[in-house]
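Reviewing the structure listed below.
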Amino acid sequence: MADNGLLASHRAPRGSVAVTLSVWRALMLREALSRLFATRISWAWLLFEPVFHVAYLLLLYGAAHVHSIGNLDTPIWIMVGIQAYFLFRKTADQVAGAAADNGALFAYRQVRPIDTLIARALLEGATWAVVTLLLVLVLALTGHAFQPDFPLTMIAAALAMWLLGLGFGMVVSAATALMRETRQVLHIVLRPLYLLSGVMFPLDTLSPEWRRLLMLNPVANGVDLMRAGLSRNYAGLAEASGPYLWAWVLGLLALAIALQLRVADKIAAR
């Protein structure tokens, strides 16, 4: 009887949560293998891209003999800003194309369009964390210590940027299901954000009027809040606001989920 009970338990169907987690794990593994081994240097590009951005900005600031920005070590200021922006941009970009790139998987009833979006976002977040740790190690080896005074502030800001990228990517993905050209909007929007979010230069060098206007951008708030977690001496922007950033995150996620539910059948049928 005990053996029969054991066999019956083995045959019992898994719960919906267990199935969903298994699907996410499988999708993440599939995406990771595809991304790392698509070409011979795919894995190297993950680290080379942020290193390239940090290096050329260091050359610019080094030529101008700028060794400190906002009371922070210039290489640390640059690295944190770039990684904060990349967390939003890459998550949004990957999520926006997830459903279209994995359309063949929707033939399996366990895989829903939103699963591919979340799996890509989780993989992007994990990849970002690994690359950031490697950059911190490289900077430490070159004499630039990374010792944040408020690590929880940095973690909260990073989480907000990741969720902002997830929400934006989900909105673009849903809109793309209705009009294919919509994804091009993503690239149009993200291109100037690199310049307008305080990644390359400190926004406190601008006039108060321009600064207030640019700080309506939630990405600029996230970038400055991540830097604010580095040191209690950081001369951050008075306009940077955590509640404002999280209001954007929650509002965008609510809109994204509503749109995804609206177009889920249309995406799966394509």
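The values are calculated or read from the model by the stated rules, or taken from the named source; none is laboratory data. Since we're looking at a predicted model, the values are computed, not measured. Cβ sites come from the backbone with ideal geometry, for glycine too, and all protein chains shown count toward neighbours.
So which residues in region 89-119 are acidic (Asp, Glu) and modelled with pLDDT of 85 or more?
Correct list: ASP93, ASP115.
Would you please list the contacts, defined by Cβ atoms under 9 Å and residues six or more apart or on different chains, that run from a residue in region 119-130 that is in contact (Cβ under 8 Å) with a residue 60 or more places away in the chain and buried (at least 19 other Cβ atoms within 10 Å of the Cβ) to a residue that is of a type in the set (Asp, Glu) and part of a helix (DSSP H, G or I)?
If the second residue must be of a type in the set (Asp, Glu) and part of a helix (DSSP H, G or I), the pairs left are ALA119/GLU31; ARG120/GLU31; ARG120/ASP101; LEU123/GLU31.
Six or more apart or on different chains, Cβ under 6 Å: which pairs go from a residue in region 174-188 that's on the phi < 0 side of the Ramachandran plot and free of Cβ contacts under 8 Å to residues at least 12 places away in the same chain to one that's part of a helix (DSSP H, G or I) and surrounded by 12 or more Cβ atoms within 10 Å (Cβ to Cβ)? Could you list them?
THR182/ALA175; THR182/THR176
Could you grab me the full set of residues in region 86-142 that are over 12 Å from LEU166 (Cα atoms), touching a Leu at 6+ places or on another chain (Cβ under 7 Å) and aromatic (Phe, Trp, Tyr)?
Result: TRP128, single match.
If I filter region 189-201 down to residues being outside any loop (DSSP other than H, G, I, E, B) and without any contact (Cβ under 8 Å) to a residue 24 or more places away in the chain, which single residue comes out as farthest from ILE82 (Cα to Cα)?
VAL189
In region 83-123, what residues are among the polar types (S, T, N, Q) and more than 18 Å from ILE267 (Cα to Cα)?
Scanning region 83-123 gives GLN83, THR91.
What do you reckon, is PRO208 of a type outside the set (Gly, Ala, Ser), out of contact with any Cys (no Cβ under 6 Å at 6 or more places or on another chain) and touching a residue at least 24 places away in the same chain (Cβ under 8 Å)?
Judged against the criteria, PRO208 is not a match.
Here is a yes/no grid of residues against (1) surrounded by fewer than 20 Cβ atoms within 10 Å (Cβ to Cβ); (2) assigned to a helix (DSSP H, G or I); (3) within 22 Å of the chain's Cα centre (by Cα):
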{"residue": "TRP210", "(1), (2), (3)": "yes, yes, no"}
{"residue": "VAL219", "(1), (2), (3)": "no, yes, yes"}
{"residue": "VAL223", "(1), (2), (3)": "no, yes, yes"}
{"residue": "ALA238", "(1), (2), (3)": "yes, no, no"}
{"residue": "PRO243", "(1), (2), (3)": "yes, yes, yes"}
{"residue": "ALA247", "(1), (2), (3)": "yes, yes, yes"}
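Condition (residue is of a type outside the set (Ser, Thr, Tyr), in a helix (DSSP H, G or I), more than 18 Å from the chain's Cα centre (by Cα) and over 22 Å from LEU225 (Cβ atoms)) applied to region 111-125: is it met by at least one residue?
So far as region 111-125 goes, yes, one or more of its residues are of a type outside the set (Ser, Thr, Tyr), in a helix (DSSP H, G or I), more than 18 Å from the chain's Cα centre (by Cα) and over 22 Å from LEU225 (Cβ atoms).
Filter region 164-182 down to the residues that are in a helix (DSSP H, G or I) and modelled with pLDDT under 85 and list them by number.
Those that are in a helix (DSSP H, G or I) and modelled with pLDDT under 85: THR176, ALA177, LEU178, THR182.
Please tell me if ASP204 is closer than 26 Å to ALA240 by Cβ, among the acidic types (Asp, Glu) and in a helix (DSSP H, G or I).
Answer is yes for this residue.
Check off (1) in contact with a helix residue (DSSP H, G or I) (Cβ under 6 Å, 6 or more places away or on another chain); (2) free of Cβ contacts under 8 Å to residues at least 60 places away in the same chain for PHE106 and give me the number that stays unchecked.
(2)
Does LEU245 satisfy the criteria of being in contact with a Pro (Cβ under 7 Å, 6 or more places away or on another chain) and at pLDDT 95 or above?
yes
Based on this model, can you work out whether TYR194 counts as of a type in the set (Phe, Trp, Tyr), at pLDDT below 95 and under 20 Å from PHE88 (Cα atoms)?
Against the criterion (of a type in the set (Phe, Trp, Tyr), at pLDDT below 95 and under 20 Å from PHE88 (Cα atoms)), TYR194 qualifies.
I need a count of the residues in region 249-265 that are exposed (fewer than 15 other Cβ atoms within 10 Å of the Cβ) and more than 19 Å from the chain's Cα centre (by Cα).
Looking only at that region, the number is 4.
How many residues does region 55-105 hold that are over 18 Å from the mean Cα position of the chain (by Cα) and either in a helix (DSSP H, G or I) or of a type in the set (D, E, K, R) (or both)?
The total comes to 19.
Does any residue in region 149-161 that is in contact (Cβ under 8 Å) with a residue 60 or more places away in the chain come within less than 9 Å, Cβ to Cβ, of a residue that is among the acidic types (Asp, Glu) and surrounded by 19 or more Cβ atoms within 10 Å (Cβ to Cβ) six or more places away or on a different chain, and which pairs are these?
Sorted first by the residue in region 149-161, then by its partner, the pairs are ALA157/ASP224.
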